[in-house]
Amino acid sequence: MVESKFCKESFVVKTSNVFPPDTNYHGTLFGGKLMGYIDDVASIAATRHSRSAVVTASTDSVDFLHPIHVGSSVCLEAYVTYTGRSSMEVFVKVIAENLISGERNMCAISFLTFVALDENGKPKQVPTVVPQSDEEKMLHQSAKDRAETRKKRKKENEKMAQLFSVALPWEI
């Protein structure tokens with residue numbers, strides 16, 4: 001019998017200050033820095049759910065909804081929303097807070113897929129996930145549509161990759 005776990009059992013929170021070295025010349029957090037934070041918290045949530053090593057299989061998108069300014073804090077929340085046999089979909093939301101005024105903004109959302117690995121680096125079965133809150137239920141119910149979109153996008157990208165040369169420019 002496959003074990004089940006609640007979404008909240010994989011819940012991860014990461015909060016960081018946004019310092020000048022973390023920002024671009026607009027004084028806002030580098031997108032790549034935020035993407036690194038997103039992958040980090042998502043991988044912790046997936047590992048917490050599967051209790052095994054994991055690898056990132058895909059990042060659906062990172063939709064930047066609001067800039068994150070220097071001097072703010074950035075808070076990321078992540079948890080597993082859906083599972084396949086060895087894969088896990090992880091939802092990440094990013095909230096920025098002006099620590100002086102208290103103003104908070106939803107700055108980004110993202111969905112990532114991770115695969116759990118056994119000690120030989122092969123995919124291993126993961127526990128099913130059980131949503132409880134309204135947010136968790138909504139994300140769980142819409143996960144199959146996102147999975148189909150991922151599969152379609154991957155096939156399209158595989159076809160496109162075949163069109164491009166892997167030779168170095170000077171070898172063509």
Only one of these conditions is not met by THR15: (1) surrounded by 13 or more Cβ atoms within 10 Å (Cβ to Cβ); (2) modelled with pLDDT of 95 or more; (3) part of a strand (DSSP E or B). Which number is it?
(1)
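Among the listed residues GLU89, GLU119, GLU97, GLU135, identify the single one that is among the charged types (D, E, K, R), surrounded by 14 or more Cβ atoms within 10 Å (Cβ to Cβ) and more than 25 Å from LYS33 (Cα to Cα).
Working: GLU89 fails: more than 25 Å from LYS33 (Cα to Cα); GLU119 fails: surrounded by 14 or more Cβ atoms within 10 Å (Cβ to Cβ); GLU97 fails: more than 25 Å from LYS33 (Cα to Cα).
Matching residue, one of GLU89, GLU119, GLU97, GLU135: GLU135.
Of all the strands (runs of 3 or more DSSP E) wholly in segment 21-117, which have at least 1 residues that are over 18 Å from the mean Cα position of the chain (by Cα)?
On the way: elements: 53-64, 73-83, 87-97, 104-117.
It comes to 73-83, 87-97, 104-117.
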Please identify the pairs in which a residue from segment 114-139 that is on the phi < 0 side of the Ramachandran plot has its Cβ atom under 6 Å from the Cβ atom of a residue that is part of a helix (DSSP H, G or I) and not aliphatic (A, V, I, L, M), counting only partners at least 6 apart or on another chain.
ALA116/SER50; VAL126/SER50; VAL129/CYS7; PRO131/CYS7; PRO131/LYS137; PRO131/HIS140; GLU136/CYS7
Those residues that are farther than 16 Å from GLU89 by Cα, at pLDDT 95 or above and among the acidic types (Asp, Glu), I need them from segment 124-172; list them, please.
ASP134
Kindly evaluate LEU112 against the criterion of being under 28 Å from LEU34 (Cβ atoms) and in contact with a Pro (Cβ under 8 Å, 6 or more places away or on another chain).
no
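Rundown of residues vs (1) of a type in the set (Lys, Arg); (2) within 25 Å of ASN157 (Cβ to Cβ), yes/no style:
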{"residue": "LYS14", "(1), (2)": "yes, no"}
{"residue": "PRO20", "(1), (2)": "no, no"}
{"residue": "ALA42", "(1), (2)": "no, yes"}
{"residue": "HIS49", "(1), (2)": "no, no"}
{"residue": "VAL55", "(1), (2)": "no, yes"}
{"residue": "PHE64", "(1), (2)": "no, yes"}
{"residue": "SER72", "(1), (2)": "no, no"}
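Residues are listed down the side, and each one gets a yes or a no for (1) more than 30 Å from LYS151 (Cβ to Cβ); (2) basic (Lys, Arg); (3) in contact with a Cys (Cβ under 9 Å, 6 or more places away or on another chain):
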site	(1), (2), (3)
GLU9	no, no, no
PRO21	yes, no, no
ASP39	no, no, no
ALA45	no, no, no
ARG48	no, yes, no
VAL55	no, no, no
Among PRO123, PRO131, the single one that is more than 23 Å from ASP40 (Cβ to Cβ) and not polar (S, T, N, Q) is PRO131
Taking segment 141-170 and keeping only residues that are assigned to a loop (DSSP other than H, G, I, E, B) and surrounded by 11 or more Cβ atoms within 10 Å (Cβ to Cβ), one is left with SER142
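Identify, from the list SER52, SER61, SER73, SER43, the residue that is of a type outside the set (A, V, I, L, M, F, W, C), modelled with pLDDT of 95 or more and surrounded by fewer than 16 Cβ atoms within 10 Å (Cβ to Cβ). Before the answer, list the steps.
Numbers: SER52 fails: surrounded by fewer than 16 Cβ atoms within 10 Å (Cβ to Cβ); SER61 fails: modelled with pLDDT of 95 or more; SER43 fails: surrounded by fewer than 16 Cβ atoms within 10 Å (Cβ to Cβ).
The match here is SER73.
The values are calculated or read from the model by the stated rules, or taken from the named source; none is laboratory data. Note that this is a predicted model, so its numbers are computed, not measured. All Cβ positions, glycine included, derive from the backbone under ideal geometry; neighbour counts span all protein chains shown.
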